[in-house]
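What follows is calculated from the coordinates using simple rules that are stated; it is not laboratory data. Because the structure is a prediction, the values reported are computed rather than measured. Note: ideal-geometry Cβ built from the backbone for every residue, glycine included; neighbour counts use all protein chains shown.
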Amino acid sequence: MSGGPADGKQAEREAAKDAGGERVAKVIARSGICSRRDAERLIGDGRVAVNGRTLTTPAMLVAPSDRIEVDGALVASRERTRLWLFNKPKGLVTTNRDPEGRQTVFSALPADLPRVLSVGRLDINTEGLLLLTNDGGLARVLELPATGWLRRYRVRAHGNVDQRALDALGHGISIDGMIYGAVEAAVDRVQGTNIWLTIGLREGKNREVKRVLEHLGLSVNRLIRVSYGPFQLGDLEAGEVREVRGRVLRDQLGEKLAKAAGADFDAPIRLPVTADENSRPKQRAARGGKVGGPQAPQEDRPKKLVRKRATGEKPVAAEAQRGRRVKPDSAPKRRSPHADRRRSP
């Protein structure tokens, strides 16, 4: 007796598995279209087809030769895993489409940058380092608190607090039923009725820094992310984008994280398509460009900090992020604001 449709589907899945296949949602996420969770939702909505057949489950395994379509558009083949640093200006929202019509991070990026996802989010009034990647698997892994990468912020707040209260945050805190993990906090300097603090945390709950400091009687009026794991804001100007060299990214991820993310450093880099497909696209902005954004007055900018090494992290100075080798524990030299900036090759 011949097998039914269920047996046929099982045979296809086994064949794809034997051919090195992966779950279709994972493949879609790796292409940079969306996160894996969003890909699963697209499949549930009947918007994904493989070899012309609409999918009803994200459990299907696909082989490299399979044709995957989302909303009728072909999902491109795997591209090399890449990462960019973006100095997010205040006033941009970290979403693809904003129902209120506000400018988004993605609409402000250079036109010849490939489709990217953000690693986590920064709210509209938060400035500083936002990681961008074309690999949904990498974005997911770097967002996980279990990865353990420290996110460090410079904070300006109105009010007073003593170091003892800040030290207590190292044990975690519960606010209105919400439990926050350990927070590193230290006062840097007093500026009139404001104080500058450095805050470090390893999770990314919504408005966590503001809520924790408000619980201590402080009113945050400026929040700048200065590092995410080993990657630092450094001398990146507001609105500027800079790509991390592939070798640096591979070294910083290490074998364990790279495997968990399914990162591919050997796949080709696809050149972005321009309006004239016969013209060669410009690469300057994709490797390191600048978009509009407010610049803080010189006297109001936080001082540049030398990071302390966090457990399991290798600090990457700005020079290394641009591809030049530096000693891991050395602080990058401050460059003249008028100096000609090098872009990643």
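Name the residues of segment 199-234 whose amide N is less than 20 Å from a point 7 angstrom out from the Cα of residue 164 along the C-beta direction? Within reach of a label on residue 164, which here means backbone N under 20 Å from a point 7 Å along Cα→Cβ, segment 199-234 contributes 213-218. Every pair of different Cα atoms in segment 73-119 enters the Kirkwood calculation, which places the hydrodynamic radius at 12.5 Å.
Suppose we look only past 18 Å in the calculated P(r) of segment 111-160. What percent of the Cα-Cα pairs does that tail hold?
Taking all Cα-Cα pairs of segment 111-160, the fraction more than 18 Å apart is 45 percent.
Taken over segment 57-98, the percentage of Cα pairs per 10 Å bin, counting from 0 up to the bin with the maximum distance, is 17, 32, 30, 19, 2.
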